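S.K.: Before I ask anything, let me first share the structure, which is written out below as structure tokens.
The values are calculated or read from the model by the stated rules, or taken from the named source; none is laboratory data. As the structure is a computational prediction, the values presented were derived from the model and not from experiment. We place every Cβ from the backbone using ideal geometry, glycine too, and count neighbours over all the protein chains shown.
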Amino acid sequence: MVVARSGVNPRELIDRVKAKIKDLEAGLPLGVKIVPFYDRSELIDNTIDTLRRALIEEILLVTLAHIIFLAHFRSILIVTLPLPLAVLSSFLILYYLNVTSNIMSLAGIAIAIGVLVDAGIVITENAFRHIEQAGVDPRDRLAVWQTVLASTKLVGRPIFFSMAIILLAFIPVFALTGQEGKLFRPLAFAKTAAMACATVISVSLVPVLCTLLLRGKVHREQDNPVMRALQWIYRPVLRWALRHRAITLGIALALFSGAVFLSTRIGSEFMPPLNEGDLMFMPIADPSISLGENTQIALRQDQIIEKFPEVASVVAKVARADSATDPAALNMTETSFGDQTRFSELGGGSCHSFRCPHRVVLPSGPGKNPRWAQAFDRRSFREHWLGRYTTG
């Protein structure tokens, strides 16, 4: 087991450990190999790929929206360029705040990606419409500059305060303590940093890009068939809502009351299940069980589990390891197994389907209480038990 120091880059650490193991294998006896049974590199790579995919999808959606609603290709760069800049700038802030790029911090940036472009889109669309309605010739760069300045002043303050309100909504997350605080504070820091950077970029860089890239033909809103169709639907709905204000307020109040009622039934689990790929089976036996009997039960469990094609390897640890960071008792067993990549290739579903009682029939023992978990959940539980970060 390799214990990482606080603040170390786990991906680089894993690569160094693998290189060291490769060097050590040359001196091992014939037929002896060092085989890792839990490797976090795949989890780290999948997390980074998720953020990369979310960023690319957001850029494509923004591009598609501009093509449909503005029909102006140069303005696409105005709102797509600030998106990666805001993400990169947030990493700078996280670096100086000593917040590492872990699962939760990257999740915070991924959550904020949908909001990062909002301010830039509002400023760009407002400048575009001001140029159209004022009849400004895009070739007159001074007139374009003055129009963009006036349109930005018009919406700059509302945009700033709207983003500030969204940021203030995350203040309660910073007050979380214990396990919840350790999990969600990096997410709140990352989301706040990304949105703060996006706000600054939207009121500084975006207007400059508007003065440079708003060129060519500026289409009127009435010339866009999509906008005409949306206005044809929206205007009668708006007139009906204004004429029937009591009914409109009643519908809004009913929706609010329904949301409040449902919020009382969602429980207190804020962490969605993480499909890490590897599973842990942790049966807890009677405290009076002997070490030998518990070991024999673990061996029979391993033999049953490794028969399933979804399982790449299975390793059981009985009782406590020779480490001060392991709080396990003598009657506890931790069995690590599974490989999500093989699960998908073999069509075996997911880790959750493997836990189904009808799929796995394991031997019982005195007072056996089986528990399924993932390594990430197990580490979080252990850190909460010890009251501090102790395992890597």
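S.K.: Quick check, is F184 modelled with pLDDT of 85 or more and either aromatic (F, W, Y) or touching a helix residue (DSSP H, G or I) at 6+ places or on another chain (Cβ under 6 Å) (or both)?
M.R.: Considered against the rule, which asks whether it is modelled with pLDDT of 85 or more and either aromatic (F, W, Y) or touching a helix residue (DSSP H, G or I) at 6+ places or on another chain (Cβ under 6 Å) (or both), F184 comes out as no.
S.K.: How many residues are surrounded by 13 or more Cβ atoms within 10 Å (Cβ to Cβ), among the aromatic types (F, W, Y) and either within 19 Å of V117 (Cβ to Cβ) or within 20 Å of the chain's Cα centre (by Cα) (or both) when one looks only at segment 135-182?
M.R.: Within segment 135-182, residues that are surrounded by 13 or more Cβ atoms within 10 Å (Cβ to Cβ), among the aromatic types (F, W, Y) and either within 19 Å of V117 (Cβ to Cβ) or within 20 Å of the chain's Cα centre (by Cα) (or both) number 2.
S.K.: Does K18 satisfy the criteria of being closer than 26 Å to V311 by Cα, without any contact (Cβ under 8 Å) to a residue 24 or more places away in the chain and not in a loop (DSSP other than H, G, I, E, B)? Lay out the reasoning, then the answer.
M.R.: Numbers: closer than 26 Å to V311 by Cα: yes; without any contact (Cβ under 8 Å) to a residue 24 or more places away in the chain: yes; not in a loop (DSSP other than H, G, I, E, B): yes.
Yes.
S.K.: Can you name every one of the helices (runs of 4 or more DSSP H) wholly within segment 45-118 that holds 1 or more residues which are surrounded by fewer than 20 Cβ atoms within 10 Å (Cβ to Cβ) and either under 11 Å from the mean Cα position of the chain (by Cα) or at pLDDT below 80 (or both)? Don't jump to the end; show me each part of the working.
M.R.: Details: elements: 74-80, 82-96, 103-116.
The qualifying helices (runs of 4 or more DSSP H) are 74-80, 103-116.
S.K.: I need every pair where a residue in segment 193-222 that is at pLDDT below 85 has its Cβ under 7 Å from the Cβ of a residue that is small (G, A, S) and surrounded by fewer than 22 Cβ atoms within 10 Å (Cβ to Cβ), sequence separation at least 6 or different chains.
M.R.: H219/A71
S.K.: Of all residues being of a type in the set (F, W, Y) and part of a helix (DSSP H, G or I) in segment 155-173, which is nearest to I121 (Cα to Cα)? Just the residue, please.
M.R.: Let us first name the residues in segment 155-173 that are of a type in the set (F, W, Y), namely 160-161, 170.
Adding the requirement that they be part of a helix (DSSP H, G or I) leaves 160-161.
On the way: F160: 14, F161: 16 Å.
Ranking the qualifying residues of segment 155-173, first place goes to F160.
S.K.: Still on this structure: When only residues in segment 163-192 that are among the polar types (S, T, N, Q) and out of contact with any Asp or Glu (no Cβ under 8 Å at 6 or more places or on another chain) count, which is nearest to A107 (Cα to Cα)?
M.R.: Restricting to residues being among the polar types (S, T, N, Q) and out of contact with any Asp or Glu (no Cβ under 8 Å at 6 or more places or on another chain), the top hit is T192.
S.K.: Here are R129, R53, R40: which of them is closer than 22 Å to H219 by Cα and of a type in the set (K, R)?
M.R.: It is R129.
S.K.: So V35 ticks every box in (1) surrounded by 10 or more Cβ atoms within 10 Å (Cβ to Cβ); (2) part of a loop (DSSP other than H, G, I, E, B) but one. Which box is left unticked?
M.R.: Of everything listed in (1) surrounded by 10 or more Cβ atoms within 10 Å (Cβ to Cβ); (2) part of a loop (DSSP other than H, G, I, E, B), V35 misses just condition (1).
S.K.: Shifting gears a bit: Looking only at segment 155-169, decide whether some residue is farther than 21 Å from C197 by Cβ and assigned by TED's automatic domain parsing to the domain that holds V208.
M.R.: no
S.K.: For the subset of segment 214-226 comprising residues that are over 21 Å from S151 (Cα atoms) and surrounded by 10 or more Cβ atoms within 10 Å (Cβ to Cβ), which member is nearest to the chain's Cα centre (by Cα)?
M.R.: Checked segment 214-226; the qualifying residue nearest to the chain's Cα centre (by Cα) is V226.
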